[in-house]
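The values are calculated or read from the model by the stated rules, or taken from the named source; none is laboratory data. Bear in mind that the values here come from a model prediction, so they are computed numbers and not experimental data. Quick reminder, even Gly has a Cβ in these numbers, built from the backbone with ideal geometry, and neighbours come from all protein chains shown.
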Amino acid sequence: MFSPSQPFQKRDAFLPFSPPTISEAEIAAVVETLRSDWITTGPQTRQFEQAFTEYIGAQAALALNSCTGALHIALAALGIGAGDEVITTPITFVCSANVIEHVGATPILADVDPETLTIDPQQVAAKITPRTKAIMPVHFAGHPAEMRPLLDLATQHQLAVIEDAAHALPAKYEGQLIGTLGDFTAFSFYATKNLTTAEGGMLTGAPERIAEARLWSLHGMNRDAWKRYSSEGSWYYEVVLPGFKYNMTDIQAALGMVQLARLTDFQARRREIVAHYQAAFGSLDALQVPAERTNIDHAWHLYTLRLNLDQLRITRAQFIEELKARNIATSVHFIPIHLHPYYRDRYGWQPEDFPTAYAEYQRLVSLPLHPRLSDSDVADVINAVYDVVAAFRR
Ligand SMILES: *Cc1c(COP(=O)(O)O)cnc(C)c1O
């Protein structure tokens, strides 16, 4: 473990927040695909779906161009639309709420648990009405939401569970991998995520549900192009519903296959870094370190500190500026849904309507966490945080 150096020394180069971890193997796989005669959805995409299904132990998987698209077609495939309500969390990326709007349903927010910042099942229970059709928990930062009570509520009220697992590859709840629990689980392979295909996503679920989602993901056509253009294919297809255009390309899938093979190593490095952070920051009164409950395995997508602002003379925004001045990038996850002007104005939401989300948002700051961080990068982050805390403590 690191002990902070005295006096503080600023690192030379700016430390980026979350660059992708791409090796020559990914580059070679992409180039090979580009040199092949099939670059969009085809054999590589099917292989990636198969490998991902096996990795998660999911029933079936559908590769897509984003997690946002995956969430959208999960709602569409379940027939959720106008007049329906979907309960989600204010502490998420805005697409979780946007897709509910896209299908014409109404997003209902339920406040978060202050320890994990995942949706609070008791708050969810209080928001269920006869119009509720689904619950959309988000496994914030890679810490699974409290799934048992959420699944129980879903059974009791006949609701679907659509999990936003953008951060939760791989994570476990009570020994079960995320991706095997709800009706649908959506993963993200965006550039910053634990596994990246630049842009991309994966939807897991039961085979018949995934088959329905597959139709929605490609124009509602009952045969995909790869099959149509292969030797056993036919020119004929039928459109059976007004689908979207959310398919993954073979270029992305080739990249994803290599990333999936490296994921175990990526996760081991993330856990090492987190162990250093937890040991270094756990003893500072000015900071609250992230929780890791005993019934879960954390995917550690994000390392989110919370500032104990009563111990500091600066705000969260100033804390971020001070770290930036020390060449350390940070981010904030997330600006709560109900504070964004569109949602605030459309639903008349006040900051205090979701008091835990609002209070915690004001003291959240995410530190760099990715497999490319060297031990000396990690020491630089720790030293910079210590220096800021020392300079501005009350
Ligand atoms: C990144 C992210 C998404 C969106 O993923 P895309 O693949 O970019 O669509 C959804 N939800 C959360 C919580 C995210 O962090």
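Matching residues to (1) at pLDDT below 95; (2) over 16 Å from THR118 (Cα atoms); (3) away from the ligand (no atom under 16 Å from the Cβ); (4) part of a helix (DSSP H, G or I):
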{"position": "PRO144", "(1), (2), (3), (4)": "no, no, no, no"}
{"position": "ASP152", "(1), (2), (3), (4)": "no, yes, yes, yes"}
{"position": "ALA166", "(1), (2), (3), (4)": "no, no, no, no"}
{"position": "GLY179", "(1), (2), (3), (4)": "no, yes, no, no"}
{"position": "LYS193", "(1), (2), (3), (4)": "no, yes, no, no"}
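Applying the criterion of being in contact with a Phe, Trp or Tyr (Cβ under 7 Å, 6 or more places away or on another chain) and at pLDDT 95 or above to the residues of region 205-229, the residue that is farthest from the ligand (Cβ to nearest atom) is ARG209. For region 172-212, a residue qualifies if it is surrounded by fewer than 24 Cβ atoms within 10 Å (Cβ to Cβ) and aliphatic (A, V, I, L, M), and the qualifying residues are LEU177, LEU181, ALA191, ALA198, ALA206, ILE210, ALA211. For MET257, the stated conditions do not hold, so it cannot be described as at pLDDT 95 or above, within 16 Å of the ligand (Cβ to nearest atom) and either surrounded by fewer than 20 Cβ atoms within 10 Å (Cβ to Cβ) or among the hydrophobic types (A, V, I, L, M, F, W, C) (or both).
Do we find a residue being small (Gly, Ala, Ser), within 16 Å of the ligand (Cβ to nearest atom) and in contact with a Ser or Thr (Cβ under 6 Å, 6 or more places away or on another chain) anywhere in region 315-335?
First pass over region 315-335, keeping only residues small (Gly, Ala, Ser): 317, 325, 329, 331.
If we keep only those that are within 16 Å of the ligand (Cβ to nearest atom) as well, we get 331.
With the extra rule that they be in contact with a Ser or Thr (Cβ under 6 Å, 6 or more places away or on another chain), the set shrinks to 331.
Yes.
Yes/no matrix, rows are residues, columns are (1) within 18 Å of HIS139 (Cα to Cα); (2) assigned to a helix (DSSP H, G or I); (3) within 16 Å of the ligand (Cβ to nearest atom); (4) of a type in the set (D, E, K, R):
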residue	(1), (2), (3), (4)
THR294	yes, no, no, no
ASP345	no, yes, no, yes
TRP349	no, no, no, no
THR356	yes, yes, no, no
VAL378	no, yes, no, no
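Here are THR68, THR53: which of them is within 16 Å of the ligand (Cβ to nearest atom) and of a type in the set (Val, Ile, Thr)? If you could, list the steps in order and put the result at the bottom.
Values: THR53 fails: within 16 Å of the ligand (Cβ to nearest atom).
Of THR68, THR53, the one residue that is within 16 Å of the ligand (Cβ to nearest atom) and of a type in the set (Val, Ile, Thr) is THR68.
Within region 233-246, residues that are outside any loop (DSSP other than H, G, I, E, B) have Cβ atoms under 9 Å from residues that are at pLDDT below 90 in these pairs: VAL239/ASN222, counting only partners at least 6 apart in sequence or on another chain. The condition of being in a helix (DSSP H, G or I) and closer than 26 Å to LEU364 by Cα holds for LEU71. If you go through region 91-105 and keep only what is within 12 Å of the ligand (Cβ to nearest atom), buried (at least 19 other Cβ atoms within 10 Å of the Cβ) and assigned to a loop (DSSP other than H, G, I, E, B), you end up with ILE91, THR92, PHE93.
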